[in-house]
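Quick notes on the structure that follows.
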Amino acid sequence: MSNALVLNASPRGRQSNSQVLAGAFCRGMTAAGVEVRTLFLTDYTVEPCRGCLSCWGPTPKQCVIHDDMAYLRKEMGHAEYLILAFPLYVDSMPGPLKTFFDRSIADGEPWFEQDSEGETRHVEALKAPKLVILSNCGYPEQSHFEAVRFLFQRIARNFHTDVVAEVYKSQGGILGSSNQELQSVKATYLDRVAAAGRALVENGGIPEELQRTLAEPFLPKDQYIAAVTRSFQALQRQV
Ligand SMILES: Cc1cc2nc3c(=O)[nH]c(=O)nc-3n(C[C@H](O)[C@H](O)[C@H](O)COP(=O)(O)O)c2cc1C
């Protein structure tokens with residue numbers, strides 16, 4: 001049976017908008033016969049890389065830091081798909097997820113090779129899982145994901161793998177909202193996300209038309225901005 005590992009990298013963990021997205025995507029993958037497991041990065045201690053390069057020298061593939069990274073690396077090694085679910089933070093991924101990738105270089109070899117386009121990278125040591133990127137953000141436009149989209153293409157290339165599916169959702173706060181007026185638009189969207197998960201397993205990717213509908217905003221921009229402004233005003237009044 002094919003299997004997938006979700007790594008939820010939101011500091012909000014189980015309560016996160018990222019998890020709403022991941023839950024729907026995995027619903028579709030499960031329906032297509034994939035066994036899915038979820039790990040929350042907040043449950044683990046992963047210290048920053050010290051840059052000592054011991055893992056490429058005196059202690060090959062062994063990091064000098066003894067924390068939960070060894071467990072996460074082992075779990076990742078068993079998965080066919082690694083599903084990264086995270087909020088956009090300052091146009092990028094949250095720090096702990098970046099730390100996870102920094103620490104992952106211990107899986108590689110120090111030796112250089114040329115890839116098919118003549119660009120230098122490290123020789124592959126372990127087969128990295130196929131990457132699925134699920135991210136959400138607070139701004140209303142999809143353009144905010146441009147940097148992350150490019151970044152993960154580069155990361156996949158360095159780790160000798162591919163990004164096989166991406167779902168990006170602006171207006172992400174709506175994913176976790178309990179506002180009754182938004183439930184129907186949200187349910188329609190999450191069913192489409194589940195269809196994307198299923199399509200990945202059954203057809204190898206998300207069909208273009210589905211990708212187009214997934215990128216549609218929940219609300220018109222002006223309406224969304226007004227709602228977010230009201231909600232922050234209410235929060236500040238509570239203080
Ligand atoms: C430190 C921080 C940085 C953020 N940076 C961005 C950003 O660059 N662009 C954006 O649209 N939203 C940004 N956001 C908003 C989050 O992406 C948004 O609240 C998201 O829905 C949180 O998802 P989660 O519940 O999965 O953590 C930021 C939030 C925080 C706390």
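Each value in this text was obtained by applying a stated rule to the coordinates, not by laboratory testing. Worth saying up front: this structure is predicted, and the values here are computed from it rather than measured. Neighbour counts are summed over all protein chains in view; Cβ atoms, including those assigned to glycine, are modelled from backbone coordinates with ideal geometry.
Quick one: how many residues across the range 47-90 are more than 16 Å from the ligand (Cβ to nearest atom) and within 24 Å of residue 21 (Cα to Cα)? Selection size over the range 47-90: 10.
Evaluating residue 166 against the criteria (1) under 20 Å from residue 18 (Cα atoms); (2) more than 10 Å from the ligand (Cβ to nearest atom); (3) acidic (Asp, Glu); (4) surrounded by fewer than 15 Cβ atoms within 10 Å (Cβ to Cβ) leaves one unmet condition, (4).
Would you point out the residue of the range 9-18, among those that are in contact (Cβ under 8 Å) with a residue 60 or more places away in the chain and surrounded by fewer than 22 Cβ atoms within 10 Å (Cβ to Cβ), that is nearest to the ligand (Cβ to nearest atom)? Going through the qualifying residues, I end up with 12. For the range 195-239: of the residues being of a type in the set (Val, Ile, Thr) and over 16 Å from residue 134 (Cα atoms), which is farthest from the chain's Cα centre (by Cα)? This residue is 239.
Scanning the range 28-46 for residues that are crowded, with 18+ Cβ neighbours inside 10 Å and either more than 16 Å from the ligand (Cβ to nearest atom) or of a type in the set (Asp, Glu) (or both) gives 28, 29, 34, 36, 46.
Residues 150, 218: which one is closer than 25 Å to residue 94 by Cβ and touching a Ser or Thr at 6+ places or on another chain (Cβ under 9 Å)?
After ruling out the rest, the residue left standing is 218.
Across the range 161-194, the number of residues qualifying as over 20 Å from residue 231 (Cβ atoms), more than 17 Å from the chain's Cα centre (by Cα) and in contact (Cβ under 8 Å) with a residue 40 or more places away in the chain comes to 1.
All of 113, 117 fail the test of being among the charged types (D, E, K, R), in contact with a Lys or Arg (Cβ under 7 Å, 6 or more places away or on another chain) and loosely packed, with under 15 Cβ neighbours inside 10 Å, apart from 113. Scanning the range 198-217 for residues being within 23 Å of residue 141 (Cα to Cα) and either crowded, with 19+ Cβ neighbours inside 10 Å or not aliphatic (A, V, I, L, M) (or both) gives a total of 9. Here is a list of conditions, (1) in contact (Cβ under 8 Å) with a residue 60 or more places away in the chain; (2) exposed (fewer than 13 other Cβ atoms within 10 Å of the Cβ), and residue 6 meets all of them except one; can you say which number that is? Result: residue 6 fails condition (2) only. Selection of first residues in the range 125-153 that are among the small types (Gly, Ala, Ser) and of second residues that are part of a helix (DSSP H, G or I), restricted to Cβ pairs under 7 Å at least 6 apart or on distinct chains, gives the following pairs, ordered by first then second residue: 125/107; 135/145; 135/148; 138/172; 138/173.
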